[in-house]
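One structure is given below, encoded as structure tokens.
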Amino acid sequence: MNEAISTADVEAFRARLASSETAYVRCHFIDYLGIGRGREVSSDYLLEHLDRGVALAPVNYTWDISDVDYDRRYGPEAGDVFMVPDLDSFVPLPYLPGNGHAFCNLATVDGNPWPGCTRLALKKIEAIARKELGLVAMGFEQEGFLMRKGPDGYIPSSDFKHHSSDFFDAHPAFMAELLDVLDKLGTPVGKFNLEDGHGQVELNTPAATPLVASEQYFRMRQAFRFVARNHGFVGTFMPKTFDEISGSGLHVHLSIRDGAGAPTFGDPGTEDGHVLTETARHFIGGLLRHADALVALGCPTVNSYKRLRPGLFAPTHNAYGVGNRSAMVRVIRTAEGTGADPAQRIEVRTADGTCNPHLFAAALLGAGLDGVKRRIEPSAPQGTDVGSIPDEALAAAGIRRLPANLGEALVALESDAEIREAIGGEILDGFLRVKRLEWAKYNAHVSDWEYAQYAEYF
């Protein structure tokens with residue numbers, strides 16, 4: 001699996017470790033749950049094992065949400081997989097002096113790719129997309145809450161107005177450290193705003209190739225949580241944090257450029273009024289055709305489906321629209337008169353911050369490629385709030401309701417042959433296993449709400 005690491009590459013990496021005074025490196029992969037796991041090793045140890053990688057039991061990719069159950073194929077007798085660091089992904093961690101971080105590909109003992117590695121799945125399909133479509137760029141836009149934890153549970157960190165500047169004035173030390181950390185990590189925030197007044201912020205990471213973008217995003221996610229803890233807060237990307245307050249979504253922006261660098265999604269010469277090229281229509285058609293599977297991978301927790309409800313600026317149906325934030329796929333147009341191509345990118349609005357970004361990005365590319373390959377036409381674009389359209393009208397337009405819960409989504413994912421092919425059967429089966437365990441545990445849990453409603457009345 002591993003491309004030979006040249007002596008020059010090793011020496012350049014050794015110099016980076018020395019110049020950044022990095023004594024330990026956190027070698028990470030992202031598991032099926034979307035959690036970063038791995039090992040922290042000394043710089044000297046890592047330099048000695050760059051070719052082979054750092055050994056780890058494969059069971060660590062398969063833990064369930066409670067860290068109790070695991071895939072029995074990877075029990076104590078299963079030996080090791082090896083985390084091979086991608087040297088290009090290395091960064092010093094500005095919030096932990098002396099520590100660095102690198103993303104790893106997973107290899108078997110004989111050096112072949114481990115088929116359960118989601119990072120390798122994304123690399124593989126990104127290469128296919130580059131060959132068949134052009135240079136794909138993604139950007140991640142994440143909403144999340146800054147909270148306080150008290151004796152009675154979690155409460156918002158503030159109570160201001162939407163998109164006001166009061167939050168930044170109230171928490172200047174938190175803001176200063178967070179933005180400084182993100183800049184030093186190589187993930188500078190282009191836009192940062194108070195989305196909901198109750199401590200909900202939105203951060204945008206720069207557009208980059210899918211692998212780089214997904215890893216910039218993951219590091220941003222980790223940094224937000226760390227800096228929040230450092231200031232006495234809890235930073236969370238939990239999709240629906242409070243009953244009566246907006247949920248937190250992850251919006252993935254996507255564009256494609258051809259070999260000459262020209263955007264391939266927008267065409268001002270089209271006659272349909274929506275300036276979409278044939279490639280763009282078919283790519284969107286693929287996203288909508290595989291919408292249910294994409295929801296399963298992008299909204300992979302029980303809590304996710306409490307956000308996907310009408311009236312919450314979250315998509316509820318497999319529809320697209322131009323500028324329409326109620327649609328699953330939003331075509332983003334530039335302002336008229338700017339000279340820019342009027343429809344250079346799309347935004348997929350279903351996901352949330354509990355997903356594995358490697359896995360979700362790979363599925364997006366797989367769905368879009370399938371749409372282009374099979375020339376799948378999307379339904380007509382919607383110009384009104386999709387969640388308020390009567391069911392009869394939606395059905396007539398060929399628009400389906402997205403899965404209402406995790407159980408429904410997993411059934412749809414399991415039956416999607418094209419997504420299985422795109423991300424690999426080992427990965428899909430591993431994901432389904434941990435998520436079905438999670439769904440079963442949730443359904444078996446007796447909540448405080450149930451005690452309050454039933455215990456003394458029946």
Open item on the list: Could you list, ordered by first residue, the pairs with Cβ atoms under 7 Å in which the first is in region 399-420 and more than 20 Å from G116 (Cα to Cα) and outside the structural domain of G368 (by TED's automatic domain parsing) and the second is of a type outside the set (S, T, N, Q) and not in a helix (DSSP H, G or I), at least 6 apart or interchain?
Closed with: none
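Which of the residues that make up region 26-72 are part of a loop (DSSP other than H, G, I, E, B), in contact with a strand residue (DSSP E or B) (Cβ under 9 Å, 6 or more places away or on another chain) and not aromatic (F, W, Y)? Spell out the reasoning first.
Start the filter on region 26-72 by keeping residues that are part of a loop (DSSP other than H, G, I, E, B), which leaves 31-35, 49-53, 57, 62-71.
With the extra rule that they be in contact with a strand residue (DSSP E or B) (Cβ under 9 Å, 6 or more places away or on another chain), the set shrinks to 31, 49-53, 57, 63.
Selection gives D31, H49, L50, D51, R52, G53, A57.
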Open item on the list: Give all pairs with beta carbons closer than 8 Å in which a residue from region 149-171 that is more than 10 Å from H198 (Cβ to Cβ) and free of Cβ contacts under 8 Å to residues at least 24 places away in the same chain meets a residue that is part of a loop (DSSP other than H, G, I, E, B) and among the hydrophobic types (A, V, I, L, M, F, W, C); count only pairs at least 6 apart in sequence or on separate chains.
Closed with: A170/F160
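In region 309-325, how many residues are in a strand (DSSP E or B) and among the hydrophobic types (A, V, I, L, M, F, W, C)?
Within region 309-325, residues that are in a strand (DSSP E or B) and among the hydrophobic types (A, V, I, L, M, F, W, C) number 1.
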Open item on the list: If I go through region 378-436 residue by residue, how many of them are surrounded by fewer than 20 Cβ atoms within 10 Å (Cβ to Cβ) and on the phi > 0 side of the Ramachandran plot?
Closed with: 1
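Would you point out the residue of region 402-419, among those that are in a helix (DSSP H, G or I) and not hydrophobic (A, V, I, L, M, F, W, C), that is nearest to A327 (Cα to Cα)?
Within region 402-419, the subset in a helix (DSSP H, G or I) is 406-414, 417-419.
Still in the list and also not hydrophobic (A, V, I, L, M, F, W, C): 407-408, 414, 418.
On the way: G407: 22, E408: 20, E414: 24, E418: 23 Å.
Checked region 402-419; the qualifying residue nearest to A327 (Cα to Cα) is E408.
Going through region 18-40 one residue at a time, which ones are within 19 Å of E215 (Cβ to Cβ), more than 24 Å from the chain's Cα centre (by Cα) and either in the same structural domain as K441 (by TED's automatic domain parsing) or surrounded by fewer than 21 Cβ atoms within 10 Å (Cβ to Cβ) (or both)? Working first, answer last.
First pass over region 18-40, keeping only residues within 19 Å of E215 (Cβ to Cβ): 20, 22, 25-40.
Then keep just the ones that are more than 24 Å from the chain's Cα centre (by Cα); that gives 20, 22.
Passing the criteria: only S20.
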Open item on the list: Every residue in region 211-247 that is among the charged types (D, E, K, R), buried (at least 20 other Cβ atoms within 10 Å of the Cβ) and not in a helix (DSSP H, G or I), please.
Closed with: K240
- [ ] Identify all residues within region 34-67 that are out of contact with any helix residue (DSSP H, G or I) (no Cβ under 9 Å at 6 or more places or on another chain) and within 21 Å of A440 (Cα to Cα); write none if there are none.
- [x] I35, D67
TODO: Output the residue which, of all residues in region 138-152 that are crowded, with 20+ Cβ neighbours inside 10 Å and either of a type in the set (K, R) or under 20 Å from the mean Cα position of the chain (by Cα) (or both), is farthest from R257 (Cα to Cα).
DONE: L146
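The values are calculated or read from the model by the stated rules, or taken from the named source; none is laboratory data. As the structure is a prediction and not an experimental result, all values here were calculated from the model. Cβ sites come from the backbone with ideal geometry, for glycine too, and all protein chains shown count toward neighbours.
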